[in-house]
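These notes are about the structure you will find just below.
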Amino acid sequence: MSEDVMVNYGAFSFDNSFHGRRYLEELYTIGLSAEYLALATGISCQTIVKDAKAVWCVHRDAGHPTKKEEATTFQKAIQRFAELSAKSQLSEDQKKVRAILSRWLGMDDFLLGMEMTMGNLVVPECGKECVPYLALVFDIVGETAQPPSSKQLWTRYLREIACGSCATPTSREHLRRDLVARFTRAERDHIRPVWPDDAAEQIERMLAISLSQRNGGIIRALYGIGGRPRRSMQKVAKQERVSKEAIRQTREKALDLLRRKHRTTLRRLMRLAPETPKMTEILLLPVEEIITTERARNCLRYADIRLVGELVQYSEKELLRIRSFGETSLQQIQSTLREYGLHLGMEFDEGVKAVVQKAREAL
């Protein structure tokens, strides 16, 4: 292959000229083989080895690497990948290094498989008689229990590696074991949650205290609750001697009322209440991951508050001094922090402060 060829690799084109292949020095120094780099970039092995000896001054012993050397290479590769992934801006060479390391680690298919597997295990398990109640709760809550996305889980894990708050894995097997453990730990309350024996009674009580007898009867008929067969809107409309549209409106108003009055209780039944991950994991999250309102996000961005661990060290008065930051944003942030067991004005020991500071520097 000609040394001037531009090799396509994902979103990149690799310039194989002498100056264009300088990024390979870092990858080769980390320990990636000349054979792998040749396969990934289209540059010949001979050229890479020649550059290593003559230009980069990196000499390797011939022969197959030992297990210790393989472990060292893997640790260096995942550490560097984590550092680059934590940065908000990268040079072109850094983007190429990250792209090649990503492919070398080979985690994309594994993470996708984990997400699909866990997604199949989050629907609550209940007896046949409770299936109509389950359908009703789904419609009221408006969401189902979902595991964190593989991308989000992977990003959090890399962030911890980059700032040194968790051990760096020594192999792909070690890395995958860690991720499986994290996935199942995060979702232990969502994996096939079994409804309590009185779930149907709880929902019946909600219907009785919140809806009129007529509207409650319409909801029971539409969902087949109470041992009745499920009926279509057309049939219910005919029985009630009203239009199908009137039944649809009655259903929507009833669901909205139940949603406003009992959403928290129903979310608990569906295991949708906020999780309680380790404190360190929460502190290292970007504030955008837990603060959902645009105004509050913009104000925190203006004040250069990037991590949850930085935010919780501020007092109420300090936040209110931020431009355009008002009482509404303050209440929203306080409410969100309470869900994670946090509050404003928190004080940490030097070890925690150092971890947060290192994560901040990695951005």
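Derivation of every value follows stated rules applied to the coordinates shown; laboratory data play no part. As the structure is a prediction and not an experimental result, all values here were calculated from the model. Positions of Cβ are backbone-derived with ideal geometry, glycine not excepted, and every protein chain shown enters the neighbour counts.
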For Lys253, give me every one of the aspartates and glutamates with a C-alpha distance below 20 angstrom, ignoring sequence neighbours fewer than eight places off in its own chain.
Asp139, Glu143, Glu204, Glu240, Glu245
For peptides 76-84, 295-303, sequence by mean Cβ density within 10 Å, most packed first
76-84, 295-303
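Taking a threshold of 28 Å on the Cα-Cα distance, which of the pairs Lys95/Lys353; Lys76/Lys151; Lys96/Lys353; Lys50/Lys151; Lys95/Lys151; Lys87/Lys353 fall above it?
Working: Lys95/Lys353 30 Å; Lys76/Lys151 21 Å; Lys96/Lys353 32 Å; Lys50/Lys151 38 Å; Lys95/Lys151 18 Å; Lys87/Lys353 19 Å.
The answer is Lys95/Lys353; Lys96/Lys353; Lys50/Lys151.
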